[in-house]
């Protein structure tokens with residue numbers, strides 16, 4: 001059975017930028033729902049028992065057709081959010097350092113140019129989805145709860161949830177304000193640890 005991970009900080013820890021109410025609903029309701037529905041979908045399906053979450057969603061063609069959509073949507077939601085909580089920190093923000101800073105600057109010319117492009121792609125997502133920084137420094141987007149590993153790509157270094165449930169209570173329809181605020185909580189240490197892997 002898959003389980004909702006604990007947050008690495010309190011619900012109100014990001015309060016200046018993302019409120020306690022948003023974090024509580026996003027984690028304890030939305031993410032919990034993905035976990036519950038994923039568990040319901042895979043329960044009793046013997047040929048996928050024991051597979052890791054990554055194993056399930058990175059090989060969707062091996063999932064029985066009658067539960068494939070549920071595994072894609074809810075498995076993707078569980079995977080994406082489990083990372084998303086770690087990509088934020090009350091001690092986050094600022095700029096990365098070390099190798100991560102070097103590869104970003106090498107690709108984009110400056111950290112600000114990277115932020116600008118990532119933010120522009122986040123604003124350009126139509127409807128619900130995610131924007132990702134990949135290990136090759138490409139910025140890509142996916143719809144709904146799709147994730148790069150579903151497409152045979154490497155696991156992302158960084159991702160931003162641009163579903164309305166991630167920001168609507170705080171920012172209403174102002175996705176641009178949410179994106180600008182989010183940079184103040186990005187956990188660059190966690191991003192850098194994924195690059196070294």
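Quick notes on this one:
- Selection over region 176-189 of residues that are crowded, with 19+ Cβ neighbours inside 10 Å and not in a loop (DSSP other than H, G, I, E, B) gives a count of 5.
- Among (1) touching a residue at least 24 places away in the same chain (Cβ under 8 Å); (2) under 16 Å from residue 73 (Cβ atoms), the one test that residue 125 misses: (2)
- Of the set (1) in the same structural domain as residue 178 (by TED's automatic domain parsing); (2) touching a strand residue (DSSP E or B) at 6+ places or on another chain (Cβ under 8 Å), all apply to residue 93 but (1).
- Total residues in region 138-166 satisfying the condition of being touching a helix residue (DSSP H, G or I) at 6+ places or on another chain (Cβ under 8 Å), in a loop (DSSP other than H, G, I, E, B) and exposed (fewer than 15 other Cβ atoms within 10 Å of the Cβ): the figure is 1.
- Residue 108 being surrounded by 14 or more Cβ atoms within 10 Å (Cβ to Cβ) and closer than 30 Å to residue 12 by Cβ: no
- As a summary of the residue check, residue 169 satisfies the conditions (1) touching a strand residue (DSSP E or B) at 6+ places or on another chain (Cβ under 7 Å); (2) closer than 25 Å to residue 34 by Cα; (3) in a helix (DSSP H, G or I) except for the one numbered (1).
- Only helices (runs of 4 or more DSSP H) whose full extent lies in region 1-74 are considered here, and the ones with at least 2 residues that are touching a residue at least 40 places away in the same chain (Cβ under 8 Å) and either touching a strand residue (DSSP E or B) at 6+ places or on another chain (Cβ under 6 Å) or surrounded by 15 or more Cβ atoms within 10 Å (Cβ to Cβ) (or both) are 32-42, 53-57.
- Screening residue 107 on (1) out of contact with any strand residue (DSSP E or B) (no Cβ under 7 Å at 6 or more places or on another chain); (2) within 20 Å of residue 89 (Cα to Cα) shows it passes everything except condition (2).
- Among residues of region 75-104, those that are surrounded by fewer than 16 Cβ atoms within 10 Å (Cβ to Cβ) and part of a helix (DSSP H, G or I), counted: 4
- With respect to the stated conditions, residue 120 fails to be more than 12 Å from the chain's Cα centre (by Cα), in contact (Cβ under 8 Å) with a residue 40 or more places away in the chain and part of a helix (DSSP H, G or I).
The values are calculated or read from the model by the stated rules, or taken from the named source; none is laboratory data. Everything numeric in this text was worked out from a predicted model, so none of it was measured. Every residue, glycine among them, receives a Cβ derived from its backbone with ideal geometry; neighbour counts consider all protein chains shown.
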